[in-house]
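Here the structure is laid out as structure tokens; the discussion comes afterwards.
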Amino acid sequence: MRLIVHNMMSCNIKGVVNNFPLRIEAEKVIEKEVDFNPDFLRHMFAKIEWKALVDGARSLGYTELPDHAPDTAALESDESFLRQFHHALLELHLEEGSLVCPETGRKFSVNKGIPNMLLHEDEV
Amino acid sequence: MWFLCVFYHRLLDFRKPEVEALAELFGEEIADNESLQWRLPEHHHNDTPFHFVQLSSEEIAQNIAKRSILVKGMYELWGEGTCYEELKDSIQSYPDSRKLPFLSSGSTFRISVETFGKALTFDEQKDRINSLTYIPFEGRVNLKNPDHNFFLMEMDESEENNGLPPIVQRRIFFGREVGFADRKLLPTFQLKSRTYLGPTAMDAEMAFLMANQAKATSGKLVYDPFVGTGSILVSAARFGAMTMGADIDIRVVRDGRGPDCNVWSNFKQYGLPMPVALLRMDNNLPPWRSGLKEIFDAIICDPPYGVRAGGRKSGGRKILRGTVDPYTVPDDKRTDHIPSTGAYSLVECVHDLLHLAARMLVMKGRLVFFFPVLRDENGSEVKFPEHPCFRLVAVSEQILSSRYSRVLLTMVKVEPYSEEVEEAARLMHLEFRENHLKWLEDGNIHSSVFKPSDSSQIHADSKTFKDPKPKYRGKYV
Ligand SMILES: C[S@@+](CC[C@H](N)C(=O)[O-])C[C@H]1O[C@@H](n2cnc3c(N)ncnc32)[C@H](O)[C@@H]1O
């Protein structure tokens, strides 16, 4: 699971309000190189919850991202920032671990890189 | 400019929509509510391989042809006629300024003869080429790798046209090739050679057509909520798109048949970039964070309608039977618990898909999906699902048996998603459901399309069904 996905997911148990971002418990993290595509990154940047990305990256051991999202001009001018964003968003993988709901503590397991977001029948 | 667009005689309903989607992808300006302009050659039936299409540049025509699956060739037409004399007049009156640049002495060329519906001997072909001496070819012939490819195409009026629709009068075309489809993709990607296959894996040709309808290309993110073995995303990735998929079945999406036989390996096999994400979730109850929207450029899928793999959703009712209290999973069983699931009806599945697309597609993003229909002898109109955020831009039917077909629907997001839209969507959905239920009640065996257990009935029925199969190969191909 890459952080781009972590940034999209919440705990959707019925009635839970404080359900994002899911805290990452990492057991195995790997890195895989991905082709750098600035257009795609610019499009995604606008959709990303920055703090969730920064915290997510930290829990996977990557601490280079700035605390506050730079403004969109940086996307045009600052290639080194774009590379960091690219690395955090697409190249870090949580292979094994869990995503934990901040409110209920419900754990969604991540196994072989696949987050299991299916709810139990008493949670829907 | 008008181009002669010659199609393969396959998947007839998919041919023009493919060209239209690709035209947009390659920058043809098409106004809202409009489509490309098409014209038929004289005396030709709509199912003919020959069509004229208007495009603003040769470059666009070439790009469309190269990327397409069903375009045999795009040509600049130099002349046409019902006989060789007429053809000559027609070619001679075509402006020299258009012809001479391709006939110059420094260039190489080849003329190919193609006949549709009949075969010519080598000598007959040679005679036809020799009859073109009135065209001032100055260049050298190069059969292997010419600068310019010319085609002489002939279609006869005979009844037995080898599966093509009959025409009233012979027609001959002569033109310069601008581009053609790369069908070499198909043997490379055919399912036979795919490492990880499931019973409902999408055939490679269809998967590419779907990716073309979705305008998949580099820098775009394409999502399949019913990803299965990933065959649809493989085709989108081949065209350069980033991909993401989800499925409710963890064995399919995570395990496959082992470390080198799973959804990932299907991408690795072709050297394609891996999906950005694969996850297990229920499209009836997706875990998107609130506020997330307009993230995908296209959504492409073959939803679980039950024809082959019935849909499931979270929250099975079976376990609840007999208990009064809500069912609770015991704490010690939670980790490995396999959540039970309930049946997921077509109406619900379609509703969830449209909702997903309305929220998660960017404006002008495309939703491309299959929808099953019963072939109706009375020809009554099929009601397709609707949503206020979407405009239906293409409907392509593929006939699967004498009783049912599947229709590939292409919808474009034309309105942003909002609360008001949600209400309008709810009403449209209720109407769709109502219609759908009525259809079921009317004694229509529509349900047999969706229930595999009823397949024996489909069989028995088809014996008495009078098949209006046309004399030529229509949508069956
Ligand atoms: C027709 S198959 C799609 C096959 C896929 N195109 C392929 O290439 O293998 C439908 C898929 O939807 C999945 N499915 C069924 N119900 C679902 C749900 N509620 N949410 C997500 N996926 C579901 C099934 O597990 C199945 O893999």
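If I take every Cα pair under 8 Å that is 6 or more residues apart in the range A:3-118, average their sequence separation and divide by the length, what percent do I get for the relative contact order?
On the way: 169 pairs, mean separation 42.2, N = 116.
Result for the range A:3-118 is 36 percent.
Looking at this model, which pairs from A:32/B:293; A:32/B:184; B:118/B:184; A:47/B:215; B:66/B:215; A:14/B:313 are more than 19 angstrom apart at the alpha-carbon?
Distance filter (> 19 Å) returns A:32/B:293; A:32/B:184; B:118/B:184; A:47/B:215.
Would you calculate the separation in nanometres between label points at residue B:190 and residue A:36, each defined as 7 Å from the Cα along the Cα-to-beta-carbon direction?
Here the modelled spin labels are 4.1 nm apart.
Starting at the first residue of the range B:251-256, write each ³J(HN,Hα) from the Karplus equation 6.51 cos²θ - 1.76 cosθ + 1.60 with θ = phi - 60°, in whole Hz, x for Gly and Pro.
5, 5, 7, 9, 8, x
Can you give the FRET efficiency to the nearest 0.05 for residue B:422 and residue A:58, using r as the Cβ-Cβ distance and R₀ = 56 Å?
Working: r = 37 Å, r/R0 = 0.65.
With a Förster radius of 56 Å, E is 0.95.
If you filter the range A:1-62 for chymotrypsin sites (Phe, Trp or Tyr not before Pro), then keep DSSP loop positions with at most 14 other Cβ within 10 Å, what is left?
On the way: sites: A:36, A:40, A:45, A:50, A:62; in loops: A:36, A:62.
In loop regions of the range A:1-62 (DSSP not H, G, I, E or B), the sparsely surrounded chymotrypsin sites (Phe, Trp or Tyr not before Pro) are A:36.
Suppose R0 equals 41 Å; then what is the FRET efficiency for residue A:17 and residue B:434 from their Cβ-Cβ distance, rounded to the nearest 0.05?
About 0.75, to the nearest 0.05.
Using θ = phi - 60° and the Karplus form 6.51 cos²θ - 1.76 cosθ + 1.60, what ³J(HN,Hα) does each residue of the range B:51-63 get, whole Hz, x for Gly and Pro?
Result, ordered by residue: 9, 9, 9, 9, 9, 7, 8, 5, 4, 5, 4, 5, 4 Hz.
Taking the range B:208-294, which trypsin sites (Lys or Arg not before Pro) meet the DSSP loop condition and have no more than 16 other C-beta atoms within 10 Å?
Answer in residue order: B:257, B:293.
In whole percent, what relative contact order does the range B:182-287 give with Cα contacts below 8 Å and a gap of six or more residues? Don't skip to the end; give the middle numbers.
Numbers: 180 pairs, mean separation 26.5, N = 106.
Reported relative contact order: 25 percent.
Scan around residue B:230 for amide H atoms under 5 Å from its own, H built in the peptide plane at 1.01 Å from N, and keep only partners 5 or more places away or cross-chain.
Amide H neighbours of residue B:230, under 5 Å, 5+ apart: none.
Starting from the Cα of residue B:381, step 7 Å along the direction of its Cβ; do the same at residue B:395; then give the gap between the two resulting points in nm.
According to this spin-label approximation, the distance is 0.8 nm.
Counting Lys +1, Arg +1, Asp -1, Glu -1, what net charge surrounds residue A:3 among other residues with beta carbon under 14 Å of its beta carbon?
+1
For the pair residue B:57 and residue B:108, what calculated FRET efficiency results from E = 1/(1 + (r/R0)^6), where r is the Cβ-Cβ distance and R0 = 22 Å, to the nearest 0.05?
So the FRET efficiency works out to roughly 0.35.
All of the numbers you see were taken from the coordinates with simple rules; none came from a lab. Values in this document were obtained by computation on a predicted structure and should not be read as measured data. A quick note on method: Cβ atoms are made from the backbone with ideal geometry, for glycine too, and the neighbour counts reach across all protein chains shown.
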